[in-house]
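Undergrad: Just passing along the structure, written as C-alpha cells.
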Amino acid sequence: MKAHGTVHKYGDNVDTDVIIPARYLNSADMQELAKHCMEDIDIEFAGRVKPGDIMVAKANFGCGSSREHAPASIKASGISCVIAKSFARIFYRNAINIGLPIIECDEAAEKIENGDEVEIDFDTGVITNITRNETYQGQSFPEFLINIINSNGLLNSLK
Amino acid sequence: MGMTMTQKILAAHAGLDEVKPGQLVMADLDLVLGNDVTSPVAINEFNKAGFDSIFSQDKITMVMDHFTPNKDIKAAGQCKQCREFAGKYGIKNYFDVGDMGIEHALLPEKGLVAPGDCVIGADSHTCTYGALGAFSTGVGSTDMCAGMAKGKDWFRIPSAIKFNIIGKLPKWSTAKDVILHIITMIGVDGALYKSMEFSGPGLKNLTMEDRLCMANMAIEAGAKNGIFAVDEVTLDYIKDKVTKEYKIFEADEDAEYDEVYDIDLSQIKPTVAFPHLPENGRTFDEIGNIPIDQAVIGSCTNGRIEDIRAAAEILKGRHIAEGVRCIVIPATQKVYLTAMKEGLLEIFINAGCAVSTPTCGPCLGGHMGILAKGERAVATTNRNFVGRMGHPESEVYLASPYVAAASAVMGRIAQPSELD
C-alpha cells in the first residue's frame, strides 16, 4: 500500500484543540468537522487540502485531548498519512484504531518542507521526497498493530 | 527483572506473570468511561460494527459533563443519544444533569474506581484515577466502543519515570504547583508513552485531593498514566466509598525506571503556566504585571472541595477587582452541597463571583465563560493551548485555586501572599 501527495507541514506539539477545536464537538459528523480541521493554526487548510495529501509535523503531534474527532477529521479531510517525529500516545492509538496511517520518522519530519511532493510505501516504511529527490526510513509497526491496521481498524479485528 | 506498579497491574489483567516495556497485550477492563462528547462517536461505531450487547452493566459509566446542562441543540442531541443507549443496554452508572459531576471528580467520589483496577476512559484526563493506585488511561471513542462490547483493550506496556516525593508543602503551595513544576521540568512530551509513578516518604503529606490533581495532569507531560503507591491515605479515602473487591499492587524493589527524580515538596513555590503549553511554568519572581479579564476556579483538576475551600479562604471578606469575571464551578453535586453547607457559596457571591452547577464548560471552550479575542484568563484548569477557552487569540494561564482567587482580587496574576 502506498500514499502519494502534497505536504502540509507543521511544527512541534500540534494539539488536538487546534486540530479540531472543542467548539465544534457538539457534532460527531466527521465530514462536517473536516471543514474546521486545523483552522486555529492554519485557517486555509480545509480549502487547500486535496485527497491523498500528506501531513508532516515535528514532535508530540496530537497532544492533549482524547477526542477521536482529531484523527477522524484529518482522515475525513482527505489526508492519507501523517508523518511526525513522535505522536502523543492517545492520538497514536486512535489513528491505528480508526485506520489513519501514521509514521514516526525524525529525518522526514526535519527535511520535508511545506508543499513537497512525497510518496510513502507502508510495507517498507520508506518515505520518498520526490521534490528533493531524497528518501527517509520510517519506523515500521509491530505485527500486533499491523493486524489491527490490516483488519481496517480495531473493531473489525475483534470480531 | 522487577516490574513497576503499572506493569504489574497490566500483567495481572492480561493473565501474564511478567510483562516487559514495549510488549503489546490484551487486558481485561474493570471500568470503561465515556462523556457526552466522546460517547456519541463510540455509540455510532458500536451500532455500525453491529454489536448487540455490552460486556457488563456495572463496569461501563457515562457522564454527561462537557457541554451540559445542554449548551445548544446539537449538544442536547448528543446527550439524548447517550441517554437512550444507556437505557437500552441497562448501563447502571449513567450520570445526567442533576446527579452528574465532572467525571474525574465524580467517579472516585462514587467509589467506582479501586486500587489495582484497569480503567480506560474516552477522555484524556482519565489518568486521574492513578491517584487511587489504579492503572487508568485516556483512550479514544473506538477503544471505548471495543471496551463496552468486549471488556478488553490493547495496551503497549510502558516503561516508567519515578518521582520520589519527600518533604511537605509550604503555605500557599499546592499539588497543582507540584505538577506544574514537574511538567515544566520534563516537558509536555517528557513522559511520552510512559508511566509517572509517585511514591516516597512525602506521599503521606499529600491528601487524596492533592493526588487526584497531580495524576490528572500526567497526560500534560505526555504520560500514559500517573499512579500513586497505595497507603493509609488511599485506604482511608476509599473505606466508605468502594464496595467491590480490590487488590493492592506494589512496584517491585528491583523495578527499573528510565529516570528517577526527587521532588522536595518544601521547595515548591506557587507556579503559573504561561500560554500556550502547560510546560511554560514560571514562579512569581519571573511573572511581572499581567492584567486578567477572567478567573476560572473548577475543573477535573481543581474543582474538589479542598480547592473550593482554598478559593474561599482567599475570597472571604474580599471582592474581586473591577472589570474581572470570576467563575467558580464546584466539580460535583456533593462538592456543591458541601460548599453550600459550609457557607462558601455565600463567600463567593458576596465577592462578586458567578457560581455554576458542575460542568467542564469553560475549560475546553465549551460554554459558561468563553473568552473574546485578546482576553486573558487565569484558570485552575489543565490546558492552555491556543484557543482552548475561546478565541484563538485569547490566553489561558494555569494556576492553583489560591493563585486564581488572589488574581481575581488583584485584577492581575497575583500570589496569595500579596494579600497578607
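Undergrad: Looking at the stretch B:21-55, which of its residues are small (Gly, Ala, Ser) and either surrounded by 16 or more Cβ atoms within 10 Å (Cβ to Cβ) or in contact with a strand residue (DSSP E or B) (Cβ under 7 Å, 6 or more places away or on another chain) (or both)?
TA: Matches in the stretch B:21-55: B:Gly22, B:Ala27, B:Gly34, B:Ser39, B:Ala42, B:Ala49.
Undergrad: Go through the stretch B:211-225 and report how many residues are charged (D, E, K, R) and either touching a His at 6+ places or on another chain (Cβ under 8 Å) or more than 10 Å from every other protein chain (Cβ to nearest Cβ) (or both).
TA: Residues meeting the conditions: 1.
Undergrad: Among the residues of the stretch B:144-151, is any under 20 Å from the mean Cα position of the chain (by Cα), in contact (Cβ under 8 Å) with a residue 24 or more places away in the chain and within 11 Å of chain A (Cβ to nearest Cβ)?
TA: Scanning the stretch B:144-151 turns up at least one residue that is under 20 Å from the mean Cα position of the chain (by Cα), in contact (Cβ under 8 Å) with a residue 24 or more places away in the chain and within 11 Å of chain A (Cβ to nearest Cβ).
Undergrad: Here are B:Phe46, B:Phe55, B:Phe51: which of them is on the phi < 0 side of the Ramachandran plot and touching a Gly at 6+ places or on another chain (Cβ under 6 Å)?
TA: Step by step, each of B:Phe46, B:Phe55, B:Phe51 is checked, and only B:Phe55 is on the phi < 0 side of the Ramachandran plot and touching a Gly at 6+ places or on another chain (Cβ under 6 Å).
Undergrad: Given the conditions (1) within 11 Å of chain A (Cβ to nearest Cβ); (2) assigned to a loop (DSSP other than H, G, I, E, B); (3) not aromatic (Phe, Trp, Tyr), which single one is not true for B:Asp52?
TA: Exception for B:Asp52: condition (1).
Undergrad: Among the numbered criteria (1) more than 9 Å from chain B (Cβ to nearest Cβ); (2) modelled with pLDDT under 95, which single criterion is violated by A:Ala109?
TA: (2)
Undergrad: So, of the residues in the stretch A:99-126 that are of a type in the set (Asp, Glu) and not in a loop (DSSP other than H, G, I, E, B), which turns out to be nearest to A:Phe61 (Cα to Cα)?
TA: Among residues in the stretch A:99-126 that are of a type in the set (Asp, Glu) and not in a loop (DSSP other than H, G, I, E, B), the one nearest to A:Phe61 (Cα to Cα) is A:Glu104.
Undergrad: Residues in the stretch B:237-252: is at least one of a type outside the set (Lys, Arg), closer than 30 Å to A:Val14 by Cβ and within 19 Å of the chain's Cα centre (by Cα)?
TA: Within the stretch B:237-252, none of the residues are of a type outside the set (Lys, Arg), closer than 30 Å to A:Val14 by Cβ and within 19 Å of the chain's Cα centre (by Cα).
Undergrad: Let me ask something else. Scanning the stretch B:242-265 for residues that are under 16 Å from B:Ala134 (Cβ atoms) and touching a helix residue (DSSP H, G or I) at 6+ places or on another chain (Cβ under 7 Å), which turns out surrounded by the most Cβ atoms within 10 Å (Cβ to Cβ)?
TA: It comes out as B:Phe249.
Undergrad: Does any residue in the stretch B:183-196 that is within 11 Å of chain A (Cβ to nearest Cβ) come within less than 9 Å, Cβ to Cβ, of a residue that is at pLDDT below 95 and part of a loop (DSSP other than H, G, I, E, B) six or more places away or on a different chain, and which pairs are these?
TA: none
Undergrad: Being of a type in the set (Ser, Thr, Tyr) and within 17 Å of B:Thr38 (Cα to Cα), is that true of even one residue in the stretch B:148-165?
TA: No: zero hits.
Undergrad: If you take the residues of the stretch B:371-398 that are surrounded by fewer than 18 Cβ atoms within 10 Å (Cβ to Cβ) and in contact with a Gly (Cβ under 9 Å, 6 or more places away or on another chain), which of them is nearest to A:Ser66 (Cα to Cα)?
TA: Among residues in the stretch B:371-398 that are surrounded by fewer than 18 Cβ atoms within 10 Å (Cβ to Cβ) and in contact with a Gly (Cβ under 9 Å, 6 or more places away or on another chain), the one nearest to A:Ser66 (Cα to Cα) is B:His391.
Undergrad: What are the residue pairs meeting all of these: first residue in the stretch B:64-89, first residue at the interface with chain A (Cβ under 8 Å from one of its Cβ atoms), second residue assigned to a helix (DSSP H, G or I) and surrounded by 16 or more Cβ atoms within 10 Å (Cβ to Cβ), Cβ atoms under 6 Å, and 6 or more apart or on different chains?
TA: So the pair list comes out as B:Phe67/B:Ala75; B:Gln78/B:Pro40.
Undergrad: Still on this structure: Give the stretch B:1-18 a look and list any residue that's surrounded by fewer than 22 Cβ atoms within 10 Å (Cβ to Cβ) and in contact with a strand residue (DSSP E or B) (Cβ under 9 Å, 6 or more places away or on another chain), or say none.
TA: Hits for the stretch B:1-18 are B:Met1, B:Gly2, B:Lys8, B:Ala11, B:Ala12, B:His13, B:Ala14, B:Gly15, B:Leu16.
Undergrad: Is there any pair linking a residue in the stretch A:130-159 that is within 11 Å of chain B (Cβ to nearest Cβ) to one that is aromatic (Phe, Trp, Tyr), with Cβ under 8 Å and at least six apart or on different chains, and which?
TA: Pairs found: A:Phe144/B:Trp154; A:Ile148/B:Trp154; A:Leu154/B:Trp154.
Undergrad: Still on this model: Would you say B:Lys269 is touching a Gly at 6+ places or on another chain (Cβ under 7 Å), assigned to a loop (DSSP other than H, G, I, E, B) and surrounded by fewer than 23 Cβ atoms within 10 Å (Cβ to Cβ)?
TA: Spelling it out, it is not the case that B:Lys269 is touching a Gly at 6+ places or on another chain (Cβ under 7 Å), assigned to a loop (DSSP other than H, G, I, E, B) and surrounded by fewer than 23 Cβ atoms within 10 Å (Cβ to Cβ).
Undergrad: When you look at A:Thr124, is it modelled with pLDDT under 90 and in contact with a strand residue (DSSP E or B) (Cβ under 9 Å, 6 or more places away or on another chain), yes or no?
TA: Here the answer is yes, as A:Thr124 does meet what is asked.
Undergrad: How many residues are in a loop (DSSP other than H, G, I, E, B), facing chain B (nearest Cβ under 9 Å) and either over 25 Å from B:Val25 (Cα atoms) or within 13 Å of the chain's Cα centre (by Cα) (or both) if we restrict to the stretch A:44-98?
TA: Count: 5.
Undergrad: In the stretch A:1-37, what count of residues is obtained for those that are closer than 21 Å to A:Glu110 by Cβ, away from chain B (no Cβ under 11 Å) and part of a loop (DSSP other than H, G, I, E, B)?
TA: So the answer is 2.
Undergrad: B:Phe67: over 14 Å from the mean Cα position of the chain (by Cα) and under 21 Å from B:Gly190 (Cβ atoms), yes or no?
TA: Criteria not met by B:Phe67.
The values are calculated or read from the model by the stated rules, or taken from the named source; none is laboratory data. None of the values given here were measured: they were computed from a predicted structure. Note that each Cβ is placed from the backbone with ideal geometry, even for glycine, and that neighbours are counted across all protein chains shown.
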